[in-house]
């Protein structure tokens, strides 16, 4: 008992040195921009005081990652036995997303407790036209289930925590048909990821608002519009990040970045 | 008065035991001269008591710290020396060296714990190829092994936080830009590009071939004059920050228990065994026992005993190999064939142009060899060119030759991208390629003459992009005895002895 107590005390002394270099618990709280909650602060204090807490919190992080990986498995069985379209539909409903078949107006969604009807199995040969995966944990591995839907026209990924540049770079398979893409509020999308969207030549509407990791939203808005000239880009305002009025005039007088005319649609 | 002086000197004499009582020692700081003029007043007696108390307390503390159980020693503890004996010693602390260290630790685990030491001579990495590179990663090679190495490294980078995430530290942000590589080919090189395209698609790279018309449609700012075919990477290509990868590998390896030593490898102690071979006669087989490391800013040379030595010294791998005698024998013997890795200086220029191509700029590589990529969002680009064999610049320093830009790079750039005709060179730097003069591909494996030295060098400009997969391959060689995930036996170092060149046609 005394030895354990002494061990705790040594731990506390050592931890006191490292207090100054402790950062946010990135393993537990991926959104580091928000202030830490009371729970994460308490866990941080526990971790700083006792050595034994670290593996427990590691397990927590590993379990979360395992859950994401499980959600993004390849539905090989469904693909082999029921065809690509039904496998894709089943995958979307399992993730609690929604979709609409080509040629139909009805949306297939899952209910509040993750239950859904199996009516989509009546249409094995119809391709999916619109997919709504907002808030789902889809990542670049999960796209394996959806690459067969080459007639996809609209994809909504609002607030998806695992969508990053690797995901966006795989969207080139939809370059012939994708017309609307919404990646707003995705915390992992960076500016480098947006440069992967250059393949989507048919894109007409792109929503890139509230991207936490994009440092200069106004400038990125301009550059994205330049990259996709026929697309309406919704995001930040051009004046976002510009400095005060007298310096704004100096910026306006120098030659701008635009080399092509930007066509916006109403 | 005399008694108090004696008391003062006796107390002072505890610190320096040889001082006799009668000598006049310099008054200690907290003793005022007044104390020696003793009087019968109460005030001075209580002062004396207080001083006495303080002195006794100091004596007790000094005695306690000198006793065993405290951390005072008469010997100075030096933290910079390497351990006397390690299991694996890695020469070179660049991205390849740390990648090997990380994978060795990861594969060996806590039960079969290995003692690994990474020796690096420059903590600022001022001349290291890793941090001076342009940071690109691509799959558009002509050799299947290179494509596979690059794909495996990309898989590592995709899940980098799962591999290199340290608990309670910031997640690793590589700042990966997902623009592809765009290779342009003239009439002469179009058939090579088509053959490479077959190999790349077969190995799993996602590449698209484009005609000049399609190229103009996709990138209107390119002048397609002279271009017969273009090859564009659709996914898994781009560039990232090499410092971040190096720091992440280092941080994770150190957290797993790898040790680091700052010092320069000066030589090896090795045992020699003479063996009779029917065709080659007597050969001297060497086994390294100790590595002699010179400490920084010092003449001290420390020997470190190790079972295995891994040569990941980059551009200096040839020199390190010479310390074991590879390359120093006679011309006809095997020991006369040196490791064909030497440093080659390459320049990178940062240019600025406000009218240049925007966010969709790929990593453009022209058939003349000039390459260009975007840097940041402010209209800055990075450009460079590998010079001809006959015009290789001097490698004694890392000075930049700006005439090279004016004469060789700018005309080609202006021809290919007319918007860049008016540009300004804002900055430039130079770095070394660890150039494999034999066939410009990596050298892996054990040299037949040195029984316990593994090589991982000669990547000729691709070391950074292949480093995670190379680290895993060398760890498999060391721990499992052979390749388990990727079969890289084609890149074995013995090919330099058999004179079998494995040429890579797409060197940038």
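Points worth noting:
- Global form of segment A:158-243, assessed from the alpha-carbon gyration tensor, a/c cut-off 1.5: oblate
- Stretch gain in nm, segment residue B:392-residue B:194, where the contour uses 0.36 nm per residue and the Cα spacing is subtracted: 68.3 nm
- Computed on segment B:170-285, with alpha-carbon pairs under 8 angstrom and 6+ residues apart, the relative contact order is 31 percent.
- Using a Förster distance of 41 Å, the FRET efficiency for residue B:63-residue B:294 (Cβ separation, nearest 0.05): 0.50
- Between residue B:124 and residue B:73, the C-beta separation translates, for a Förster distance of 22 Å, into a calculated FRET efficiency of about 0.10.
- Potential lengthening between residue B:437 and residue B:54 on full extension [0.36 nm per residue; Cα-Cα distance subtracted]: 130.5 nm
- Across peptide B:168-180, the average count of Cβ atoms from other chains found within 10 Å of a residue's Cβ is 6.
- Gain on full stretching of the segment that runs from residue A:45 to residue A:209 - 0.36 nm per residue minus C-alpha separation: 55.5 nm
- Packing-based exposure ordering (other Cβ within 10 Å, fewest first) of B:84, B:252: B:84, B:252
- Between 0 and 90°, nearest 10: helix B:144-158 axis offset from chain B longest Cα axis: 50 degrees
- Take B:211-221, A:103-113, A:158-168 and order them by the average number of nearby Cβ atoms within 10 Å per residue, most first; the result is A:158-168, B:211-221, A:103-113.
- Ranked by the mean number of other Cβ atoms within 10 Å of their residues, highest first, the peptides B:191-197, B:71-77, B:143-149 fall in the order B:143-149, B:191-197, B:71-77.
- Cα-based helix-to-principal-axis angle, B:463-480 vs chain B, degrees rounded to 10: 70 degrees
- Degrees between helix B:190-203 axis and first principal axis of chain B (Cα, 0 to 90, nearest 10): 60 degrees
- Residue order, fewest to most surrounding Cβ atoms within 10 angstrom, among B:268, A:101: A:101, B:268
- Backbone N under 17 Å from the residue A:147 label point (7 Å along Cα→Cβ), restricted to segment A:86-124: A:87-89
- Contact order relative to length of chain B, as percent, for alpha carbon pairs under 8 angstrom and 6 or more apart: 19 percent
- 17 Å reach of a label modelled at residue B:175, 7 Å along Cα-to-Cβ, counting backbone N of segment A:198-234: A:213-217, A:220
- Peptides A:202-208, B:391-397 ranked from most to least packed, by the mean per-residue count of other Cβ atoms within 10 Å: A:202-208, B:391-397.
- Efficiency of FRET between residue B:80 and residue B:202 - r from beta-carbon atoms, R0 41 angstrom, step 0.05: 0.20
Values in this text are rule-based calculations from the coordinates and carry no lab data. No experiment lies behind these values; they were computed from the predicted model shown. Cβ atoms come from the backbone with ideal geometry, glycine included; neighbour counts cover every protein chain shown.
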